[in-house]
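**Q** Could you have a look at this structure, given as C-alpha cells, before my questions?
Readers should treat all values here as calculations from the given coordinates under stated rules, not as data from a laboratory. Note that the structure is predicted; figures quoted are calculated from it, not measured. So basically every Cβ, Gly included, is an ideal-geometry build from the backbone, and we count neighbours across all protein chains shown.
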Amino acid sequence: MSKITLQDVEYVAGLAQLELDQAAKERLVHEMDEILAYMDKLNALDTSWVEPMMHALDLTNVFRGDEVGDSLPREAALANAPLHDGEYFLVPKILETEEP
C-alpha cells in the first residue's frame, strides 16, 4: 500500500512553488513512496547503543592562540587594494547621510 498520494505530491509541489505535469506527479508518487519505505527500514534498526553526534566523523577545531604581533605596514596593506590614495582604502559611497 502506498503511503504517498497524488494529493500529497501536489501539496508538496505547491509548497515548493513547482508546476508539475501529470507524468511527473505520478513518478514522484512512486519515488517519494520508495524514500519513505527506505526510512522505515532505517527506523527499524536498533540504534539504542549509538550515542547522539553532530557529525559522523570525529571533528575537532584547531585554534591558534591570540598573540600580539607587529602591525602590517601601511604600504603592504594598500599594495593589493584596487583603489587607494596612499594613506587610505578608497571605496564607493553606499550610505546617504543628511547634512545638518
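**Q** So between residue 51 and residue 77, what do we pick up on full extension, going 0.36 nm a residue minus the alpha carbon distance? Please report the intermediate quantities before stating the final value.
**A** Values: separation 26, 0.36 × 26 = 9.36 nm, distance 4.83 nm.
Gain on stretching residue 51 to residue 77: 4.5 nm.
**Q** To test your reading of the geometry: what angle, between 0 and 90 degrees and rounded to tens, separates the Cα axis of helix 22-44 from the longest principal axis of the chain?
**A** The two axes meet at around 90 degrees.
**Q** Please give me, ordered by residue number, the chymotrypsin sites (Phe, Trp or Tyr not before Pro) of the stretch 1-51 that lie in loop per DSSP and have at most 11 other Cβ atoms within 10 Å.
**A** On the way: sites: 11, 38, 49; in loops: 49.
In loop regions of the stretch 1-51 (DSSP not H, G, I, E or B), the sparsely surrounded chymotrypsin sites (Phe, Trp or Tyr not before Pro) are 49.
**Q** While we're on this one: Can you give the translational diffusion coefficient of the chain in µm²/s, computed by Stokes-Einstein from the Kirkwood radius over Cα pairs at 20 °C and 1.002 mPa s? Spell out each step's value before the answer.
**A** On the way: Rh = 21.5 Å.
Answer, rounded: 100 µm²/s.
**Q** Which loop-located GluC sites (Glu not before Pro) does the stretch 1-41 contain, where loop means any DSSP state but H, G, I, E or B and the Cβ has at most 15 other Cβ atoms within 10 Å?
**A** Values: sites: 10, 19, 26, 31, 34; in loops: 19.
Listed in order of number, the matching sites are 19.
**Q** Could you tell me which GluC sites (Glu not before Pro) in the stretch 59-100 are loop residues by DSSP with no more than 15 other beta carbons within 10 angstrom of their beta carbon?
**A** Working: sites: 67, 75, 87, 96, 98; in loops: 67, 87, 96, 98.
Answer in residue order: 67, 87, 96, 98.
**Q** Once label points are set 7 Å from the Cα along Cα→Cβ at both residue 97 and residue 63, what is their separation, rounded to one decimal in nm?
**A** Label at residue 97, label at residue 63, 3.5 nm between them.
**Q** The stretch 56-100: D in µm²/s via Stokes-Einstein (Kirkwood Rh, Cα pairs, 20 °C, 1.002 mPa s)? Could the numbers behind the result be given before it?
**A** On the way: Rh = 15.3 Å.
Translational diffusion coefficient: 140 µm²/s.
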